[in-house]
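First comes the structure, then the notes that go with it.
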């Protein structure tokens, strides 16, 4: 297999050949700079469309293991939701990813660049919003964005237009010439998102981006994240507002006590979470005949919630559409008046609580 | 590009800070006050005494300004937004150092110049008579401010809190600015140029140390 690498020193691009699982020492022919390159084996390999590869990352602060052997891959265009309770290790992982912290052990690459060794190269296409956004208070919003835009490599002739575009996108244009010390917390939060978007990064890493935003702004930001993802931008964001994660994330990772508890899509998590499917039935009038439903093949149990409302547990492998059809027929034959029949789906909150408890027990 | 940009920004930031009111107005006012209230001491022009007081005060202010600014920005996580961009870390520290050094030096220069002008006006002597002393004064003043500023940067990087930083800045800083005078204490004849040279060396050592520590720092 072959791998194309860029020398971090002189930027010369070289193609290297090797076998899967092999580690090769590479020396740049132009500047003599040398380093190691790993050819991933097919098991757990990094595919071509993987943008972030995190492998067994750990971070230890004296006696505290803040991040413990975390691994995940993120594909281009994915929206990766990183969730966990306070102190779970979300921010530490993110800081390692952007090169502000150095991992104690493990490997991390962003678009092929090893972090933190090649962070200067990786920083060119990362947009990062920290949990605590510290702008220098004497700056105006425009001045701060101008500086960060220039530092991120946005061309001067494009910068003014780009700043206006981003400020309009986030409904911040009226604050353009206001001093940062005069802005509210939510506005500064949105300005934090603006500085991360400014240079049109292909990877957006946001630490609790929706914290402190009003519902309208949250809706707006979520919409922007979805649009960016549709246009190919990869988004990694941490949050403990589960409904927000559920709304936008295409892949979710649950972390607690520094350990990764579960990674997958919401659907994957739901299917593992439920041993059996559940259907909620509400009758418009009380009836004792609903018990007839239990005789339908595939129905495991009926749980009465109130005189008109009950839950039907059906076997996981059973065809739920077929069973719903049978339930309707049975209820109508027994003169029951149906108000609603709804398949019950677990919320991310329930899944999250389930895995956290499971993680706690396994610990 | 990033250094010139950060430097211009820092210069603007410090220039706009409230401490500048004291520096631009307070120090010259202090120079006038000294002239109005001080008697000539052992034949030395009062501008000489003014320069010593102003350079020490300016040095102290620059050290405290830089210490407080760096610790405050560390606490507020201001550097996170810079360090995730393709810039060198030393650009941040050196641009801060140069900004404060230039601003405080100009303020001290205005104050000392004002003192010299009053001396020339009062004694009706020509400026040439003062010229040697003026050059010495300028070298010593610039050297003192440089050492103090570098010390402020170093303490800002090391210190965990503003209070600790200010205490170290005041108590240790006053001894640090005396380093160029050490040969004089041991009876070695020191010209202003030697003081200036020692000042440059001490400043560079402290700045390099601050940069090395800042480069190792994890945010």
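Miscellaneous remarks
- Cβ-Cβ FRET estimate between residue A:340 and residue A:272, R0 fixed at 41 Å, reported to 0.05: 0.90
- Degrees between helix A:348-362 axis and first principal axis of chain A (Cα, 0 to 90, nearest 10): 80 degrees
- Degrees separating the helix B:2-16 axis from the principal Cα axis of chain B, which is the longest one: 60 degrees
- The stretch B:2-216 shape via C-alpha gyration tensor axes, a/c threshold 1.5: prolate
- Cα centroids of the stretch B:177-216 and the stretch A:329-344: 90 Å apart.
- The distance linking the stretch A:214-228 with the stretch A:266-307 is 36 Å (Cα centroid to Cα centroid, whole angstrom).
- With contacts taken as Cα pairs under 8 Å at a separation of at least 6 residues, chain A carries a relative contact order of 15 percent.
- Alpha-carbon centroid distance for the pair the stretch B:97-120 / the stretch A:56-86, whole angstrom: 53 Å
- Highest-first packing order for the peptide set A:339-352, B:156-169, B:5-18, B:54-67 is B:54-67, B:156-169, B:5-18, A:339-352, based on the mean count of other beta carbon atoms within 10 Å.
- FRET efficiency, residue B:102 to residue A:243 (Cβ-Cβ, R0 56 Å, nearest 0.05): 0.60
- For the stretch A:72-147, averaging the sequence separation of C-alpha pairs within contact (under 8 Å, six or more residues apart) and dividing by the residue count gives a relative contact order of 17 percent.
- Label-to-label distance, residue A:56 versus residue B:193, with points set 7 angstrom from Cα along the beta-carbon direction: 6.3 nm.
- Note on chain B: GNM, Cα springs under 10 Å; of B:202, B:176, B:153, the largest mean-square fluctuation is that of B:176.
- Cα long-axis angle, helix B:27-37 against chain B (0 to 90 degrees, to the nearest 10): 30 degrees
- Taking every C-alpha pair closer than 8 Å and separated by at least 6 residues, the mean separation divided by the residue count of chain B gives a relative contact order of 30 percent.
- Across peptide A:123-134, the mean count of Cβ atoms from other chains lying within 10 Å of each residue's own Cβ comes to 4.
Every read-out reported here was derived from the displayed coordinates using simple, explicitly stated rules and does not represent laboratory data. Worth saying up front: this structure is predicted, and the values here are computed from it rather than measured. Neighbour counts are summed over all protein chains in view; Cβ atoms, including those assigned to glycine, are modelled from backbone coordinates with ideal geometry.
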